[in-house]
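Beneath this line is the structure, given in structure tokens, with notes to follow.
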Amino acid sequence: MGTADPEEGQLPAPVKPPDGGWGWIVLLGCFVITGFSYAFPKAVSVYFKELMKDFHVGYSDTAWISSIMLAMLYGTGPVCSIMVNQFGCRPVMLIGGLLASSGMILASFTTNIIELYLTAGVLTGLGMALNFQPSLIMLGTYFDKRRPLANGLAAAGSPVFLSALSPLGQVLLEKFGWRGGFLIMGGLLLNCCTCGAVMRPLDMGMKRKMDKVQDKYEAKEMLPMGGKSEEGISTTDGNKKAKKVKKKPRRGKKLLDFSIFSNRGFVIYTISKFILVLGLFVPPILLVNYAKDTGVPDTEAAFLLSIIGFIDIFARPACGMVAGLKWVRPHVAYLFSFAMLFNGLTDICSARASNYTGLVIFCVFFGISYGMVGALQFEVLMAIVGSQKFSSAIGLVLLIEAVAVLIGPPSAGRLVDALKNYEVIFYLAGSEVALSALFLAMATYCCLNRQKKKAPPPEKSPSAGGGSDTEEAESDVQEPEEHSSNNHQLAHSTGDAMAVAVEEANHVAAEEQSGEGGGCAEEDGEVLARASCNTDQTVERDSF
């Protein structure tokens, strides 16, 4: 994937997504990678209390660990896009799994908070980034019609792993301390290498098989059966390759496509995601410490993240199924806006929760809304830019979101240190998320929908490039079939017309014979029939 065709020196044409088959294995790998990428920065917050005691730092200092992980996950997006376009998804993911594991293992031997930033933050975050982005790209290449459902199922990996890693982290903390917990977590991250190994790229296998079948069929129709047919097949293959070399000159693939900024939908999406990320990750990162400060035992405080994860498990696939409905999919941007508004209002309404029951209720509604956002965010981006430009689009979006990640949680931690009050943090985070929802909905309606209504319907032409990349792939695959079917229709229609003419001529000749008694009518009819047969063969050969 992302490499040039060695035989023709050009980029392979897009292959139609299979929507199944090996794609389900790719989906499973993407499920695991998404789980580690999103759940790991939140699950690490279980160790923050012990880190504060050992290194004598505050909330904001420990919050930087999760923020750096997320910032590396987002900020290295363009670098990851370039590597994927140059080397392919599988090698990048294997390297990423090794980096993520080594970062947590080295973090278990650190002696100050700065070393933790460099190991658990930078190194592990970079490794997860090199796994997360290629897995989404591979998912988009294997699924098209079932893509909303596939995105929802893959996004469910985050809550599943969050509900498992948070209690596991608490158990490891109690038995082995934070150093032993980091060491074991590093071993778990080696599973990312296994997930990268199953990311088999879609090659030109399908298209080449269809071309060979079509060439054999054409040769059999054109030439008699026997030794000449093989010669015709080889000649056809040689001529076809020569035509391809002449028509398609050598060209290279862009490592990072900045032309997507000319897409208004992409710009609107990027701005709304920047505002969203400012407040989206703040509540789950600070939730455990907030519960501990209100007097909740450590085990029950860690269980709050498991509640969010458990609800999130069912919310993401369900939302993906809803987004895949025929009457919902064209308006998926508005569904995404509703999900963000729901999440922001949940933060605002739950800001005054001061007991364990109130926090549990908050976790239930936050899990539903957070799951909806997670299931839809990349589906909306794929719908805007298409699968061919998705690798560059997601890299640029994640880079812009990295700035918001570096601003949001650390700023919230500083406000907690200064005000000793979590209520303001929840109000602020909820307002930012709700603002992003309103901006996306209003901008989509005012800038995009009105523009579509005013613009005249585009004329359909073979050279028009307004369709998505998936539609182009389908048209490329179906083009030989349509061409051959049209030629068959032309040959059959011409043959039918000639047959009718022959019958009429025979009928006239028979009448003349009966009237005049001549004996040459049958011979004339046979001559006409032979001429018609020869004409049919000529028409069929010319049609191919």
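The values are calculated or read from the model by the stated rules, or taken from the named source; none is laboratory data. As the structure is a prediction and not an experimental result, all values here were calculated from the model. Neighbour counts run over all protein chains shown; Cβ positions are idealised from the backbone, glycine included. Quick note on the areas: whole protein, heavy atoms, side chains included, nothing else; ligands and nucleic acids left out. Shrake-Rupley method; radii C 1.70, N 1.55, O 1.52, S 1.80 Å.
Residues that are assigned to a helix (DSSP H, G or I) and either under 12 Å from the mean Cα position of the chain (by Cα) or not assigned by the TED database to the domain that holds Tyr290 (or both) within the range 344-390 comprise Ala375, Leu376, Gln377, Phe378, Glu379, Val380, Leu381, Met382, Ala383, Ile384, Val385, Phe390, listed in sequence order.
Taking helices (runs of 4 or more DSSP H) as the structural unit, those lying wholly within the range 69-175 and holding at least 1 residues that are within 30 Å of Lys53 (Cβ to Cβ) and polar (S, T, N, Q) correspond to 89-107, 124-142. Restricting attention to the range 391-409 and to residues that are among the β-branched types (Val, Ile, Thr) and open to solvent by less than 20 Å² (accessible area, probe 1.4 Å), the residue that is nearest to the chain's Cα centre (by Cα) turns out to be Ile394. Exactly one residue among Ser102, Ser45, Ser66 is touching a Ser or Thr at 6+ places or on another chain (Cβ under 9 Å), more than 17 Å from Ile184 (Cα to Cα) and not β-branched (Val, Ile, Thr), and that residue is Ser66. Scanning the range 340-372 for residues that are in contact (Cβ under 8 Å) with a residue 60 or more places away in the chain, within 30 Å of Gly386 (Cα to Cα) and of a type in the set (A, V, I, L, M) yields a total of 2. Taking (1) among the hydrophobic types (A, V, I, L, M, F, W, C); (2) closer than 19 Å to Ile68 by Cβ; (3) not in a helix (DSSP H, G or I) in turn, Leu278 satisfies each apart from (3). State the number of residues belonging to the range 131-184 that are more than 17 Å from Ile105 (Cβ to Cβ), of a type in the set (A, V, I, L, M, F, W, C) and open to solvent by less than 20 Å² (accessible area, probe 1.4 Å). Residues that pass the stated criteria total 11.
How many residues does the range 294-320 hold that are farther than 16 Å from Tyr370 by Cα and either open to solvent by less than 10 Å² (accessible area, probe 1.4 Å) or touching a residue at least 60 places away in the same chain (Cβ under 8 Å) (or both)? Residues flagged as farther than 16 Å from Tyr370 by Cα and either open to solvent by less than 10 Å² (accessible area, probe 1.4 Å) or touching a residue at least 60 places away in the same chain (Cβ under 8 Å) (or both) within the range 294-320 amount to 7. Across the range 45-59, which residue is most open to solvent (accessible area, probe 1.4 Å) among those that are farther than 12 Å from Asn289 by Cα and assigned to a helix (DSSP H, G or I)? Taking the candidates together, the pick is Lys53.
Consider Thr34 carefully, then state whether it is under 15 Å from Asn131 (Cβ atoms), open to solvent by 10 Å² or more (accessible area, probe 1.4 Å) and polar (S, T, N, Q). The answer is no for Thr34. What's the total number of residues in the range 71-105 that are among the aromatic types (Phe, Trp, Tyr) and either surrounded by 18 or more Cβ atoms within 10 Å (Cβ to Cβ) or assigned by the TED database to the domain that holds Gln377 (or both)? Qualifying residue count for the region: 1.
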